[in-house]
Amino acid sequence: MKKVFVLLLAPLQIAVASEANYDEAKVPDYVLPEIMTFESGEQVESIDDWKQRRSELLALFSAHVYGEVPKLAEETRLQSRVTREVAGFLDGKAVLKEVDLTFPEESGGPAIQMLVISPSGGGGAPAFLGYNFRGNHTIHSDPRITLSEAWMRPDKEGRVVGNRSMEKSRGTSANRWPVEKIIDRGFALVVMYYGDIDPDFDDGFENGVHRVFGQPEEAQWGSIGAWAWGLRRALDYLEEEDGVDAARVAVFGHSRLGKTSLWAGAQDERFALVISNNSGCGGAALSRRAFGETVKRINTNFPHWFNDRFPSYDDDLDALPVDQHQLIALMAPRPVYVASATEDEWADPRGEFLAAKLGSEAWALYGKRGLEAGKMPPPNQSIGDSVGYHLREGKHDVTDFDWECYLDFAERHLQ
Ligand code: GCU
């Protein structure tokens, strides 16, 4: 069904592309849905009220944006098996483990490879958990990390890199994963390859975890929902892992995987801290601003990311019952960090800032301070208390500066 949708719209995409707005003066007038008002019109007045409103909002995001998780998936727990353990990783500073998360064989589910790098000396460390885009072996060049054999996204020239015949792809994403610095600061790092959970293309949901849980119905999950589910199953495993303190796990993601970390953090309050790096439309950016990437554009180009109801708001954002400041609010009272980049206009830095700022209302209820700044900070300045924010100079990426901010923030809140 979805495939047909893309094919029919393909000729229109060029027209849609040329319409992307980057002019602040052309942002449409909009009224955001309230965080602290129930659908019934009643006001949230206490923390108990907020817990109910939180459930209401979560259900709205499930039903209209990311998709409901099938009941069977909610009930499923994966099996885990440590397949490799290297005690003297990083010159003895860290322990590296590879762990397979698997479904029962008869289900036909994918095997998910997790890489757990924790500080030597035992004792559960606080950790960052996140997906990578090209396989666990790309985050560090150590040859002991197993090369992924899973589906890989083609690069800009259309070449698929990262399979077993491509030893040279080892460490090619290392600039986004300062493993040693993370360990030196006393944190563990846990990564998985997102393609293990659900290959990122519109195949009518025939592979990945969708194969196990069946064709999604209209309101059910797409790929972002499935990836978020995978992060939650990783956290199940971390509850058993000696090197990590599962009560102090920060879930992190960049871009589409930042949309994913936000959705995982919203659904699962076991995540102690949530980080969105340049997540943009469908992530931290307000949808109603329609600045840079719009809801229509994202649903057209990536029809498999959200549920099949989300596109019904493409041309009528006023009717969308939620907006992304409410997603940020769902993290409260846990700390959340939103980061933008100056040259990442496609992701609407101002829309990301505003969602973080407006979402902060939920922390006030707990007597906590979120993001109180009246206007966007100058580039390369980290601000905020329980809700952190920065606008990094540069393009859509994850850099050392971003990590410095996340490490400081996590140290403040988790150590
Ligand atoms: C595209 C997409 C964004 C997404 C990004 C990414 O640019 O339009 O929504 O965040 O890819 O994941 O790299």
Test result for Asp245, without any contact (Cβ under 8 Å) to a residue 60 or more places away in the chain and among the acidic types (Asp, Glu) | no
May I ask you to say which residue of Asn278, Asn301 is open to solvent by less than 10 Å² (accessible area, probe 1.4 Å) and within 16 Å of the ligand (Cβ to nearest atom)?
-> Asn278
Sole residue being within 16 Å of the ligand (Cβ to nearest atom), buried (at least 24 other Cβ atoms within 10 Å of the Cβ) and closer than 28 Å to Gly186 by Cβ, chosen from Ala250, Ala284, Ala266 | Ala284
Of the numbered conditions (1) within 14 Å of the ligand (Cβ to nearest atom); (2) within 29 Å of Asn175 (Cβ to Cβ), Gly222 fails exactly one; give the number of that condition.
-> (2)
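Restricting attention to the stretch 306-339, which residues are assigned to a loop (DSSP other than H, G, I, E, B), open to solvent by 10 Å² or more (accessible area, probe 1.4 Å) and not basic (Lys, Arg)?
First, pick out the residues of the stretch 306-339 that are assigned to a loop (DSSP other than H, G, I, E, B): 306-309, 314-316, 320-323, 330-335.
Those left that are additionally open to solvent by 10 Å² or more (accessible area, probe 1.4 Å): 308-309, 314-316, 321, 333-335.
Within the stretch 306-339, Asp308, Asp314, Asp315, Asp316, Pro321, Pro333, Pro335 qualify.
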Do we have any residue at all in the stretch 390-408 that's surrounded by fewer than 24 Cβ atoms within 10 Å (Cβ to Cβ) and under 23 Å from Arg53 (Cα atoms)?
-> no
Which number in (1) more than 29 Å from Ala94 (Cβ to Cβ); (2) within 15 Å of the chain's Cα centre (by Cα); (3) not aromatic (Phe, Trp, Tyr) marks the one condition that Arg211 misses?
-> (2)
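State whether the residues of the stretch 361-376 include one that is of a type outside the set (Val, Ile, Thr), in contact with a Ser or Thr (Cβ under 9 Å, 6 or more places away or on another chain) and in a helix (DSSP H, G or I).
Keep residues of the stretch 361-376 that are of a type outside the set (Val, Ile, Thr), which gives 361-376.
Adding the requirement that they be in contact with a Ser or Thr (Cβ under 9 Å, 6 or more places away or on another chain) leaves 363, 365-366, 368-372, 376.
From what is left, the residues that are in a helix (DSSP H, G or I) are 363.
Looking for residues that are of a type outside the set (Val, Ile, Thr), in contact with a Ser or Thr (Cβ under 9 Å, 6 or more places away or on another chain) and in a helix (DSSP H, G or I), one finds at least one in the stretch 361-376, hence yes.
Return the total of residues in the stretch 328-353 being touching a Leu at 6+ places or on another chain (Cβ under 9 Å), of a type outside the set (S, T, N, Q) and within 15 Å of the ligand (Cβ to nearest atom).
Looking only at the stretch 328-353, we keep the residues that are touching a Leu at 6+ places or on another chain (Cβ under 9 Å), and these are 328-342, 348-353.
Those left that are additionally of a type outside the set (S, T, N, Q): 328-339, 341, 348-353.
Cutting the leftovers down to within 15 Å of the ligand (Cβ to nearest atom) gives us 338-339, 341, 348-349, 351-352.
Of the residues in that region, 7 qualify.
Looking at the stretch 354-380, which of its residues are among the basic types (Lys, Arg) and either under 23 Å from Ser255 (Cα atoms) or within 16 Å of the ligand (Cβ to nearest atom) (or both)?
Pass one, the stretch 354-380, residues among the basic types (Lys, Arg): 357, 368-369, 375.
Selection gives Lys357 alone.
The values are calculated or read from the model by the stated rules, or taken from the named source; none is laboratory data. Source: prediction; values computed, not measured. Cβ: placed from backbone, ideal geometry, glycine included. Neighbour counts: every protein chain shown. To get the accessible areas, we keep the full protein, side chains included, count just its heavy atoms, and leave off ligands, DNA and RNA. Shrake-Rupley method; radii C 1.70, N 1.55, O 1.52, S 1.80 Å.
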